[in-house]
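K.L.:
One structure is given below, represented as structure tokens, and several questions about it will come after.
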Amino acid sequence: MEENPNINNKTFCMSEYDVLKRVILCQPQYMTIREVINETQEHFKNEGIHIERALEQHAEFVKTLKDNDIEVILLPYHKKYPEQVFTRDIGFTLGQTIFVAKMATDIRAGEENILKQWLEDEEISYYNLAEELIEGGDVVIDGTTIYVGLSNRTDQKAAEQLQRLLNQFNVIPISFKEKYLHLDCVFNVVSSEVALIYSNALTKKDIDLFASRYDLIEVSEEEQFQLGTNVLSIGNKRILSLPVNKEVNKQLRSRGFKVIEVDITEIIKSGGSFRCCTLPILRET
């Protein structure tokens, strides 16, 4: 697939760690565990989600992004979409193209239309991945390499379609235990040299591949449950992470990262953290 020759300053991403300038979020106004879709939700289904607390934490998250000179776009929320806070899954930006995903579950189907409406209003072109099931939480980008997690949200056909579309990129399918929902819950690239990994969810073949490319920070079972891999890099070795994931944060700091701790523990009850809650559309290399 060819890049749009008309260079714009609205959309561009080539990694998970270049300097973040524009990002799409959505407030958790109607966030609820309506249908249990992952282990984290199963754990918290009786406790439920305290919406007021979730909104306060999300507002602090947004403020932190803005304090770091990042433009935050808030999509309108709707009562029929309780998972809308997880904007990462509705698409991903590669080069200048925003790919709009096809959501795999009924509870999330339709969220992509809110994104498409905003893109159309902003006159930003996008590519609609309507043929195969794919969600952005399974897409991890590192330059010309795209790791695509094979889950019950993203299938092999979607990875093959991406490879056909993106012949200048190397699309690498990554198998993992489906109970972990998305690839970014068990693997995340935080710089060109460093990645976070929860090895118990992955095959030896893929662990060896990652080990040949990155200095791997192994995330414990406890901190994986607290979504320790699901941090957000905002560039220049700055990482947003949960205060509760002390060992992950210690390991990142020991490698020269500035860890910005923000508490969004109410939001992670639904199974997603910083990366899940953000759809980057502009990063500066």
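K.L.:
Carbon and sulfur together cover what percent of the accessible area of the range 190-269 at a 1.4 Å probe radius?
P.N.:
It is 49 percent, rounded to a whole number.
K.L.:
Could you do me a favour and compute the accessible area per residue for the chain, 1.4 Å probe, result in Å²?
P.N.:
41 Å²
K.L.:
Given H placed 1.01 Å from N in the peptide plane, which residues other than close sequence neighbours of Gly143 have an amide H under 5 Å from its amide H?
P.N.:
Under 5 Å from the amide H of Gly143 lie the amide H atoms of Ser15, Glu16, each far enough along the sequence or on another chain.
K.L.:
Also, quick follow-up: Using label points projected 7 Å from each Cα along Cα→Cβ, tell me how many nm separate Glu247 and Lys66, to one decimal.
P.N.:
3.7 nm
K.L.:
Label Thr285 and Tyr77 with points 7 Å out from Cα along Cα→Cβ: what is the distance between them in nm?
P.N.:
Result: 3.6 nm between the two label points.
K.L.:
For the chain, state the average projected area of the convex hull of the C-alpha atoms over all orientations, rounded to one decimal in nm². Provide the component values of the computation, followed by the final result.
P.N.:
Numbers: hull surface 52.6 nm².
Result: a mean projected hull area of 13.2 nm².
K.L.:
List the pairs from Lys177/Lys205; Lys204/Lys237; Lys80/Lys157; Lys21/Lys63; Lys10/Lys80; Lys205/Lys250 whose alpha-carbon separation is above 18 Å, in the order I gave them.
P.N.:
Lys204/Lys237; Lys80/Lys157; Lys10/Lys80; Lys205/Lys250
K.L.:
Give me the Debye-computed log₁₀ of I(q)/I(0) at q = 0.15 Å⁻¹ for the range 153-208, equal point scatterers on Cα only, no solvent, two decimals.
P.N.:
Result of the Debye calculation: -0.50.
K.L.:
Shifting gears a bit: List residues of the range 129-163, by number, whose backbone nitrogen lies under 12 Å from a label position 7 Å along Cα→C-beta of Glu178.
P.N.:
Only 150-156 pass the distance filter.
K.L.:
Please work out, to two decimal places, the log10 of the ratio I(q)/I(0) at q = 0.21 Å⁻¹ from a Debye calculation in which every Cα of the range 95-195 carries one identical scatterer.
P.N.:
Log10 of I(q)/I(0), two decimals: -1.17.
K.L.:
With Kirkwood's inverse mean 1/r over C-alpha pairs for Rh, give me the Rg to Rh ratio of the range 130-179, two decimals please.
P.N.:
On the Cα set of the range 130-179, Rg over Rh gives 0.94.
K.L.:
Just to be sure I follow: if Rg is taken over the C-alpha atoms of the range 189-285 and Rh is the Kirkwood radius over the same atoms, what is Rg/Rh?
P.N.:
With Rh from the inverse mean 1/r over Cα pairs, Rg/Rh is 0.95.
K.L.:
If you place +1 on the Cβ of every Lys and Arg, -1 on the Cβ of every Asp and Glu, and leave all else neutral, what size is the dipole of the chain about its Cα centre, to the nearest 20 Debye? Spell out each step's value before the answer.
P.N.:
Details: 32 positive and 45 negative charges, 63 e Å.
The calculated dipole for the chain is roughly 300 debye.
K.L.:
Here's another thing I want to ask about it. Radius of gyration and Dmax for the range 179-223's Cα atoms, expressed in Å?
P.N.:
Rg and Dmax of the range 179-223, Cα atoms, are 9.9, 28 Å.
The values are calculated or read from the model by the stated rules, or taken from the named source; none is laboratory data. Treat the numbers as computed from the prediction; the structure is a model and nothing was measured. Glycine gets a Cβ as well: all are built from the backbone with ideal geometry, and neighbour counts include every protein chain shown. For the accessible areas, the whole protein counts, side chains as well, though only heavy atoms, and no ligand, DNA or RNA atoms are used. Shrake-Rupley method; radii C 1.70, N 1.55, O 1.52, S 1.80 Å.
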